[in-house]
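> Pasting a structure below so you can have a look.
The values are calculated or read from the model by the stated rules, or taken from the named source; none is laboratory data. Every value quoted in this text rests on a predicted model; they were computed, and no experiment measured them. Because the Cβ atoms are built from the backbone with ideal geometry, glycine has one as well, and the counts that use them run over all protein chains shown. SASA here: full protein model, heavy atoms, side chains in, ligands and nucleic acids out. Shrake-Rupley method; radii C 1.70, N 1.55, O 1.52, S 1.80 Å.
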Amino acid sequence: MASAADNKDIDDLKAQIDALKADISALTGTVRDIGKNRAEAFRTAASDQAGVWRDQGEAAMQEARAKGMQAYGTAEQSVRDNPAMAVGIAAGIGFLTGLIFGRK
């Protein structure tokens, strides 16, 4: 039969196992919380970076639009100032386009 000392050792072992289970449970919760916090930090950083890239893209688009409008205005003014040259250039471009795409 088991002696009183053996029963005490078994009870001590059970208590240590219960303490270990509680520690593992707490550790699991801590790891889960760290994972959630890091995921939220990554999500926030990605959202912030996407906003920066969106703003940069919009600024680049507005700049390109302004440059395009400026180039259009310059071309329009050149045509108004030199209509004969504009017609000659258009005819030349049309002729070259016809040569390139007219070949079979």
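> Return yes or no: is ASP6 of a type in the set (D, E, K, R) and open to solvent by 80 Å² or more (accessible area, probe 1.4 Å)?
Taking the combined requirement at face value, the residue does not satisfy it.
> Using the structure shown, decide if THR28 is closer than 30 Å to ALA90 by Cβ, out of contact with any Lys or Arg (no Cβ under 8 Å at 6 or more places or on another chain) and without any contact (Cβ under 8 Å) to a residue 12 or more places away in the chain.
No, not satisfied.
> Search the range 72-98 for residues that are on the phi < 0 side of the Ramachandran plot and pair each with any residue that is loosely packed, with under 10 Cβ neighbours inside 10 Å and in a helix (DSSP H, G or I) when their beta-carbon atoms are under 9 Å apart and the residues are at least 6 apart or on different chains.
Listed by first residue and then by second, the contacts come to ALA86/ARG80.
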